[in-house]
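See structure below.
Read-outs: derived from the displayed coordinates by stated rules, not from any lab. Note that the structure is predicted; figures quoted are calculated from it, not measured. Glycine also receives a Cβ, built like all others from the backbone with ideal geometry; neighbour counts cover every protein chain displayed.
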Amino acid sequence: MTSIGRGGGAGQAQGANPGFARGRRLRSTPALRRLTAQTRVAPADLVLPVFVKEGIAEPVPIGSMPGVVQHSPDSLRKAAHEAAEAGIGGLMLFGIPAEKDAVGSQADAADGIVNVALQQLRSDLGDELVLMADLCLCEYTDHGHCGVVTPAGVVDNDPTLDRYAAVAIAQAQAGAHVIAPSGMMDGQVAAIRAGLDSTAFTEVPILAYAAKYASGFYGPFREAAEGAPQFGDRSTYQMDPPNADEALREVAQDLAEGADAVMVKPALPYLDIVAKVAAAVQVPVSAYQVSGEYAMVEAAAANGWIDRERAILETLTAIRRAGAGQVLTYWAVEAARLLSR
Ligand code: PBG
């Protein structure tokens, strides 16, 4: 048996085989490693999800996401300027209204928190950052589900589509560059496209949260967005974690309905899905590194168990390596600064 290792095979003269692949040759200096890196993460690939809450004067820290806050409208404007300065690609906005109701009225109210924030950011920043509006009802409904519910407590698909179309128009009107539906209702992309096309917003693209799993990794987000379901869970509309083919079906369906770009969510536990989707489509694919992924690294780092910055950059590299073009991450601004060092 030939042992292949450093210094050549046993009994094999050094250099006897000119084709002997030596992986280590290209790893010997930082400059060589940098030159031959197959995957790069650039600040422009990163999108920062942000939360803006109605009725607060100061930002409110989120306990389960150290370093992330619920913004006041003013602190959001400041954070958005810093994000632009850091060179990231965009923001994904989530609003937390003071008043919630059964249909999530504040999602499409012109003076609703998210629409006011979009207006301010668009007038502050123009087209400097891509302003994406998360389109869902769970932050706006008193029951915390992503759509309207029947008296029996079932999330009602088709009436929800009418709400989504109205919200999309309101968000586009407020200045969103991209509408990003995350509710996982069937037919949501078609309904939103039809809504936008019936108004002046035919040029506003849709980034579909196409393959969004019912994930335990959303836990901290529900503290951040105050959108935890008051009964039941989301497993009748979000995808079941064991399924991969279904992700490709969801993506194909969303593209057929008019999605301009698609997303896989969460990211790290679903890199196989990111890779499959990226191989299957010819549109931009983003991956959402969700709150629980963030919290895991922060918690381990706080305990001194891992090297925080190294772990952050490694996760982002892995998500890009799997095939995602864009990465939504709560570390977007910090990572952009690390990458520009
Ligand atoms: C709302 C929504 C959720 C996330 C993004 N949009 C929560 C959920 O579906 O329960 C999760 C983001 C995160 O965990 O960082 N539909």
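Quick notes on this structure:
- FRET efficiency, 1/(1 + (r/R0)^6) with R0 35 Å, evaluated for Thr199 and Met296 via beta carbons: 0.25
- A Förster radius of 51 Å combined with the Cβ-Cβ distance from Ala21 to Thr236 puts the calculated FRET efficiency at roughly 0.50.
- Considering only Asn303, Val333, Thr141, and ranking their Cα positions along the charge dipole of the stretch 41-339 that arises from unit charges at the beta-carbon of Lys, Arg, Asp and Glu, the one farthest toward the positive end is Asn303.
- As a calculated quantity, the FRET efficiency between Ala228 and Ala152 at R0 = 22 Å, using C-beta atoms, amounts to about 0.60.
- Dipole magnitude (debye, nearest 20) for the stretch 147-214, charges at Cβ of Lys, Arg, Asp, Glu: 160 debye
- A simple packing score, the average count of other Cβ atoms within 10 Å per residue, orders the peptides 318-331, 245-258 as 318-331, 245-258, with the highest score first.
- Relative contact order of the chain, defined on C-alpha pairs under 8 angstrom at six or more residues apart (%): 17 percent
- The stretch 41-339 - share of DSSP beta bridges that are antiparallel (%, nearest 5): 10 percent
- Backbone HN-Hα couplings from phi across the stretch 79-94 [Karplus 6.51/-1.76/1.60, Hz, Gly and Pro as x]: 4, 5, 4, 5, 5, 5, 4, 6, x, 6, x, x, 10, 10, 8, 10
- From the C-alpha gyration tensor of the stretch 226-294, square roots of 5λ in Å: 22, 15, 12
- The lysine pair tally for the stretch 41-339, using Cα distances under 16 Å and a gap of 8 or more places or different chains, is 5.
- Scaled against 2.2 N^0.38 Å for its residue count N, the alpha carbon radius of gyration of the stretch 41-339 is 0.92.
- Integer Hz, Karplus 6.51/-1.76/1.60 couplings in order for the stretch 66-76, x for Gly and Pro: x, x, 10, 10, 8, 7, 7, x, 5, 5, 5
- Peptides ranked, highest mean first, by Cβ atoms within 10 Å: ranges 263-274, 106-117: 263-274, 106-117
- Note that the stretch 120-130 has calculated 3J(HN,Hα) couplings of 5, 5, 5, 6, 5, 10, x, 9, 5, 10, 7 Hz, one per residue in order, obtained from phi through the Karplus relation 6.51 cos²θ - 1.76 cosθ + 1.60 (θ = phi - 60°); glycine and proline are x.
- In this Cβ point-charge picture (+1 for Lys and Arg, -1 for Asp and Glu), the chain has a dipole of about 2380 debye about its Cα centre.
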